[in-house]
Amino acid sequence: MDKFKNMLKPKPNPQQLLRDWQRKLRQECRNIERQIRDIQREEKSVQKAIREAAKRNDIGSAKALAKEIVMSRKAVNRLYENKAQLNSISMHLGESVAIARTVGHLSKSAEVMKLVNNLMKAPEMAATMQEFSKEMTKAGVIEEIVNDAVDTALDSEDIEEETEEEVDKVLSEIAGETAAQLPEAVRKERVRVPAQRESTSHEEEAVAEGADDEEELEEIRARLARVRS
């Protein structure tokens, strides 16, 4: 019975489909904008923590936090790329509907299919674009996409070297003068050493200081990981 009901149910016209899709695409763009703002807001607090770590000669913590900023900025760049591709999909869908007014039905769009396929490879967009793909395939805008596993294997040493250079640039950008005053051996340090914190009005037991610094570092990393995901 349900099968017959579905057969009798009128199919949405191209204009209605376009409105529905564009509304969803706009919502996705707003979600991306909010995530970018969250990441950039969190970065400000990390920059402050980097400057404080550099002042107390804790270059290990400073570099670890600088690496988090490198990762966050890469995430922001990916999000901007995703947003641009979502806007392109919306534009091409509008063109498809304009053509449909003439030919009477939606035609396949190679450009939309390419953009949807690209976004399905982005982990943060995969689930959303999978749903879009099903709807657009059903409407005849794209062909069914086989989402093959993406080969992301790269030379880990090259990645590490590139990241290290980026970390140094971020460290110089945020704590340039302070970092520049440190000895060369300390600036090249990659492994975190115990922090030597200055006394404050809320001075804690000396034994607990290193643990507190470590907890603070992990907390900052966790906050950044949350807003990037």
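The values are calculated or read from the model by the stated rules, or taken from the named source; none is laboratory data. Worth saying up front: this structure is predicted, and the values here are computed from it rather than measured. Because the Cβ atoms are built from the backbone with ideal geometry, glycine has one as well, and the counts that use them run over all protein chains shown. For the accessible areas, the whole protein counts, side chains as well, though only heavy atoms, and no ligand, DNA or RNA atoms are used. Shrake-Rupley method; radii C 1.70, N 1.55, O 1.52, S 1.80 Å.
State whether the residues of the stretch 93-105 include one that is open to solvent by 70 Å² or more (accessible area, probe 1.4 Å), touching a residue at least 40 places away in the same chain (Cβ under 8 Å) and under 18 Å from Glu143 (Cα atoms). Show your work before the answer.
If we filter the stretch 93-105 for residues that are open to solvent by 70 Å² or more (accessible area, probe 1.4 Å), which is where we start, we get 95, 99, 101-103, 105.
Still in the running and touching a residue at least 40 places away in the same chain (Cβ under 8 Å): 101, 105.
Still in the list and also under 18 Å from Glu143 (Cα atoms): 105.
Yes; the residues of the stretch 93-105 include at least one that is open to solvent by 70 Å² or more (accessible area, probe 1.4 Å), touching a residue at least 40 places away in the same chain (Cβ under 8 Å) and under 18 Å from Glu143 (Cα atoms).
Answer with yes or no whether Glu177 is modelled with pLDDT under 80, surrounded by fewer than 14 Cβ atoms within 10 Å (Cβ to Cβ) and of a type in the set (Asp, Glu). Step through it out loud before you land on a result.
Values: modelled with pLDDT under 80: yes; surrounded by fewer than 14 Cβ atoms within 10 Å (Cβ to Cβ): yes; of a type in the set (Asp, Glu): yes.
Against the criterion (modelled with pLDDT under 80, surrounded by fewer than 14 Cβ atoms within 10 Å (Cβ to Cβ) and of a type in the set (Asp, Glu)), Glu177 qualifies.
Identify, from the list Arg51, Arg23, Arg78, the residue that is under 18 Å from Glu173 (Cα atoms), open to solvent by 60 Å² or more (accessible area, probe 1.4 Å) and of a type outside the set (A, V, I, L, M, F, W, C). Give the steps one after another, and end with the answer.
Working: Arg23 fails: under 18 Å from Glu173 (Cα atoms); Arg78 fails: under 18 Å from Glu173 (Cα atoms).
After ruling out the rest, the residue left standing is Arg51.
Restricting to the stretch 110-152, name every residue that is open to solvent by less than 80 Å² (accessible area, probe 1.4 Å), at pLDDT below 85 and among the small types (Gly, Ala, Ser).
Ala139, Gly140, listed by residue number.
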